[in-house]
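The values are calculated or read from the model by the stated rules, or taken from the named source; none is laboratory data. Since the model is a prediction, treat every value here as computed from it, not as a measurement. Positions of Cβ are backbone-derived with ideal geometry, glycine not excepted, and every protein chain shown enters the neighbour counts. The area values use the complete protein model at the heavy-atom level, side chains included, leaving out ligands, DNA and RNA. Shrake-Rupley method; radii C 1.70, N 1.55, O 1.52, S 1.80 Å.
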Amino acid sequence: MRISDTSPTTPSSPASPRPRDHVDVVVVGAGIAGLYALHRLRSDGWSVRVFEAGPDIGGVWFWNRYPGARCDVESVDYSYSFDTALQQEWDWSEKYATQPEILRYLHHVADRFDLRRDITLDTRVVDMSFDESSSSWTVRTDRGEEVTSRFCVLAVGPLSSANIPEIPGLDSFSGQIVHTSSWPEDVDLTGRRVGVIGTGSSGIQAIPHIAREAGDLYVFQRTANFSIPAGNRPLDAQTRAQYKRSYDERRRLSMESGGGSPHRPHPESALAVTDDERRIAYEKRWQLGGVLFSKTFPDQLTDRAANDTARSFWEQKIRAVVDDPAVAERLIPGDHPIGAKRICTDDNYFETYNRANVHLVDVRQSPIDCVVAEGIRTAGETIGLDVIVLATGFDAMTGSIDRINIVGRDGQTLKQAWSAGPRTYLGLGVDGFPNLFNIAGPGSPSVLANMVLHAELHVDWVADAIGHLDAAGRRSIEATTEAVDAWVADCADRADNTLMPQANSWYLGANVPGRPRVFMPFVGGFGVYREIIADVAADGYRGFALMPAEELT
Ligand code: NAP
């Protein structure tokens with residue numbers, strides 16, 4: 001039984017078809033996951049509408065256009081794998097793609113697969129409610145549109161709701177305030193006095209670029225962070241050709257790996273090898289560049305002593321490039337194991353503090369009292385500024401989901417269901433919310449994996465599940481409470497067996513006041529997770545209740 005479009009058919013011109021008000025699937029978000037969801041589900045024969053709050057497709061890659069923004073996963077890996085011809089025709093120009101290049105790629109994908117005709121831009125989904133009698137969702141937008149659908153796919157992104165710090169007086173600043181995650185097109189920093197608050201991945205990427213443009217740059221650091229040089233370089237024709245020949249193998253290795261990358265850790269414990277072997281292994285990863293340093297050895301994120309070997313290698317590297325030992329000391333984290341927060345990927349970040357126009361303000365020693373018209377007031381002084389850059393991150397994993405009023409069975413809202421922390425089965429389903437699928441959200445590897453391959457994995461699973469329901473004559477799929485309870489407990493156990501919860505990270509919601517402290521991503525590894533969800537599907541969607549049509553109330 002194919003669930004078909006039941007909306008009244010209105011004749012319309014092919015040039016401007018009237019958007020449907022009933023579809024098989026509504027997808028929220030036209031970023032990497034939403035675009036692939038549209039392509040895959042439409043290819044399966046379903047009618048689909050995608051709503052995107054932004055004025056363009058691309059999700060985070062539209063909005064995060066701050067100076068220096070680029071992906072911290074190699075471009076050849078951070079790209080769709082679903083279409084061989086697409087892989088072969090697209091040329092990445094650098095090892096790590098810049099934000100404009102990734103956005104160009106997503107435009108290319110949208111055009112190549114004719115995606116735009118089913119995407120409604122500039123439209124935020126504000127409300128979704130499930131009607132048990134028809135087993136369908138009613139989706140409402142901020143433009144007053146109402147659409148019904150059998151299924152909903154949340155592709156809103158785990159890092160897409162800005163975290164705006166509650167600093168007194170922020171509104172009174174007479175200059176310009178910008179957040180890295182919604183960077184305006186018209187910011188001119190040339191010769192200006194700029195203050196950057198935040199030294200996570202966004203701040204660390206932007207700071208070297210801002211330092212080159214600004215007159216004076218003040219970096220307000222609350223917590224020092226681990227970062228590894230990207231080792232970015234242009235990709236020549238020969239390297240690109242070699243990547244293209246190795247795509248199949250690269251993808252296979254990535255899908256089986258812990259984090260969605262083709263690079264494998266050293267086979268032994270960091271503590272089982274000689275000092276020389278360990279140093280060589282770390283040096284190799286250092287040269288590889290970026291976030292994979294945290295996976296040099298398999299026990300680096302589970303054993304504190306193993307972790308300390310990585311930290312001491314890292315510290316030596318940093319002390320060697322920062323001229324002022326007192327500044328180096330402040331830039332070295334003392335409060336968390338290396339990798340327990342996502343390791344940042346940089347382009348001369350630490351060297352930037354050797355510049356005369358860059359000033360490090362340690363917010364723990366000199367807390368920010370308030371923002372005043374002329375700048376930022378700390379314990380000791382008022383620092384005059386023209387621009388304040390908030391590199392303060394995201395209300396991660398649940399922030400963008402929370403912005404939608406999602407009402408499931410029996411009038412229960414998702415916000416209520418998740419008041420003590422997000423509860424999912426496999427990250428994909430929630431009890432009480434039938435036919436609602438979440439892409440790369442809490443309970444899945446999500447941000448710990450390659451987000452493009454993760455999106456494909458999730459979307460393919462969801463599309464297969466919808467196809468299965470159709471073939472089996474079922475109308476709805478819903479995670480059982482027992483399955484959710486067991487998955488939440490399993491995720492927590494796995495996290496507790498690592499060093500990850502030892503950092504006050506956004507993985508735990510620790511960066512947003514009032515969020516329950518729950519480790520949100522599945523830490524068991526991307527390959528392991530992939531096997532688990534495949535096994536659940538092969539076992540007739542174990543842990544999900546599939547309701548036959550006749551049992552609908
Ligand atoms: P983040 O990692 O959460 O960093 C936010 C920074 O702002 C932290 O240094 C935080 O300090 C600071 N902060 C927040 N509120 C503050 C306050 N009231 N006063 C002073 N400092 C404050 O956010 P992000 O840098 O945007 O990165 C988030 C994630 O996005 C990354 O981990 C990564 O997964 C992804 N990302 C990826 C890329 C890439 O691919 N290259 C680039 C950017 C982001 P505390 O640590 O003390 O809280």
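The table for this structure:
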read-out	value
Test: residue in the stretch 147-160 that is more than 27 Å from the chain's Cα centre (by Cα), among the hydroxyl-bearing types (Ser, Thr, Tyr), surrounded by 17 or more Cβ atoms within 10 Å (Cβ to Cβ) and not in a loop (DSSP other than H, G, I, E, B)	yes
Output for the stretch 114-135, where each listed residue is over 30 Å from Ser202 (Cβ atoms) and open to solvent by 10 Å² or more (accessible area, probe 1.4 Å)	Asp114, Arg117, Asp118, Asp127, Ser129, Phe130, Asp131, Glu132, Ser133, Ser134
Filtered residues of the stretch 379-426 (kept if in contact with a Lys or Arg (Cβ under 8 Å, 6 or more places away or on another chain), outside the structural domain of Val26 (by TED's automatic domain parsing) and among the small types (Gly, Ala, Ser))	Gly384
Options Asp303, Asp324, Asp335: the member that is farther than 14 Å from Pro229 by Cβ, at pLDDT below 95 and not assigned by TED's automatic domain parsing to the domain that holds Val73	Asp335
Residue within the stretch 442-453 that is more than 16 Å from the ligand (Cβ to nearest atom) and assigned to a helix (DSSP H, G or I) present	no
One residue from Tyr349, Tyr425 being crowded, with 20+ Cβ neighbours inside 10 Å and closer than 24 Å to Arg530 by Cα	Tyr425
Residue match in the stretch 152-171 (condition: more than 30 Å from Gly509 (Cα to Cα) and of a type in the set (Asp, Glu))	no
Residue in the stretch 515-535 that is in a helix (DSSP H, G or I) and more than 25 Å from the chain's Cα centre (by Cα) present	yes
The stretch 497-514, residues that are of a type in the set (Gly, Ala, Ser), modelled with pLDDT under 95 and either within 13 Å of the ligand (Cβ to nearest atom) or not in a loop (DSSP other than H, G, I, E, B) (or both)	Gly509, Ala510
Test for Val363: is it touching a strand residue (DSSP E or B) at 6+ places or on another chain (Cβ under 9 Å), open to solvent by 20 Å² or more (accessible area, probe 1.4 Å) and either within 22 Å of Val523 (Cα to Cα) or β-branched (Val, Ile, Thr) (or both)	yes
Residues of the stretch 334-344 that turn out to be within 11 Å of the ligand (Cβ to nearest atom) and open to solvent by 10 Å² or more (accessible area, probe 1.4 Å), as a count	3
